[in-house]
Structures are given as structure tokens and as C-alpha cells.
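Following: one structure in C-alpha cells, then a few remarks.
The values are calculated or read from the model by the stated rules, or taken from the named source; none is laboratory data. Just so it is clear, the structure is predicted and the values come from calculations on it, not from any experiment. Cβ atoms come from the backbone with ideal geometry, glycine included; neighbour counts cover every protein chain shown. Just so you know, the surface numbers come from the protein's heavy atoms only, side chains and all, with ligands and any DNA or RNA stripped out. Shrake-Rupley method; radii C 1.70, N 1.55, O 1.52, S 1.80 Å.
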Amino acid sequence: MKIDIDRLRSHIGRKIEETDEATLPPMRGMTVVFERPEPAPKRGEPVPAGWHWCFFVPLAPRSVLGADGLPTSGGVLPEMPLPRRMFAGQAYTFHAPILVGDELRRETELADLQLREGGTGTMVFTTVRRRIYTPRGLAVTEDQHTVFREAADPAAPARAPKRDPAPTDV
């Protein structure tokens, strides 16, 4: 498959900005889901690290969802020529607390896009960087890594990735 990587990479730096509020109901929900013994944080108290995922919940009409259930448009990624999307990792930096009641602003940016050939075929790797700001400044930076792969041939046997042999001098 021939992929125009220059066209895809021309989208690097594309940004969108969204706003939300660090409200109480999602905090209560997290304490219930994770059966936390302590009460949910109250207005003015810090949101536990990682619970920022309760905010900026993506909403997309069914008409723009891909086969994987995720939106195919409206974000920073260009239209991908490879249909299979896989989560490939995420890294967080917590700079400062988010407090319940904070007005939040999130910048989402396409930070990188690379074409690679592997043992299972052609792949496009992306890095989407999100920065969440509170009224006091930068609170969270997260880099989400995704790989897009070729469509699987349902008639073909599953292929395992080619790997180097395990070291024998251990």
C-alpha cells in the first residue's frame, strides 16, 4: 500500500482547544466505581491524579464513528489510510493539581506521525499531546500513542510479529 506520508505529516502541529469544568458528579462516580473508602473530593479539593479522564468526555454522533467505535473526524488526526486503530501507550506528567470547581481548558495537538514497516505490514504511529490548564496554569500533560494498521484479511491466518530470538547469554 502506498501512503502519502508527507500529506499526513503536514497535519503535525494541528491543534484544537476545548473547555470543561471539574465538577462533583464524576468524582462521586469514581469513588463508587473504584469502591474508594474515602468520600469524593469536595469543591476546592484536589482531583486525584488520573481522574482528569472524567472531564472532556468526547461526544460524537454515530454517523461519524468508525468501525472501532471512535470518531473518524473532528480531532487533530488526519483521515487515516489504514483502518485498524490500536492503543500503543500513554505517558502523563502531573504538573499541578486540578481542583474540583476549576474551569478547565485543554489543548490537543498532533505532535508526531511516523510511517513504519513491520513484521505485520505497514503501520502509521501517531502521538497526540494534550495539555490541561486550570486558572493557575498547566496541570496535566499527556502523550497518547496510537498505531494504525492495515485491514486484516479474515481468510488469512493470524500473523505474529517477527521478533529477534531471545538472548542466550543471560
Among L104, L115, L110, the single one that is of a type in the set (A, V, I, L, M), open to solvent by 60 Å² or more (accessible area, probe 1.4 Å) and under 30 Å from T93 (Cα atoms) is L115
If V128 passes every condition in (1) farther than 28 Å from H52 by Cα; (2) among the β-branched types (V, I, T); (3) in contact (Cβ under 8 Å) with a residue 24 or more places away in the chain but one, which one does it miss? (1)
Residues within the stretch 34-54 that are under 16 Å from H95 (Cβ atoms), assigned to a loop (DSSP other than H, G, I, E, B) and hydrophobic (A, V, I, L, M, F, W, C), tallied: 2
Would you point out which residue out of S73, S63 is among the hydroxyl-bearing types (S, T, Y) and assigned to a helix (DSSP H, G or I)? S63
Answer residue from the stretch 39-79, given it is of a type in the set (S, T, Y) and exposed (fewer than 15 other Cβ atoms within 10 Å of the Cβ) and is modelled with the lowest pLDDT among those: S73
Does the stretch 153-170 contain at least one residue that is among the polar types (S, T, N, Q), at pLDDT 85 or above and open to solvent by less than 30 Å² (accessible area, probe 1.4 Å)? no
For residues that are out of contact with any Leu (no Cβ under 8 Å at 6 or more places or on another chain), open to solvent by 50 Å² or more (accessible area, probe 1.4 Å) and in a strand (DSSP E or B), scanning just the stretch 80-90, find the one that is farthest from M27 (Cα to Cα). R84
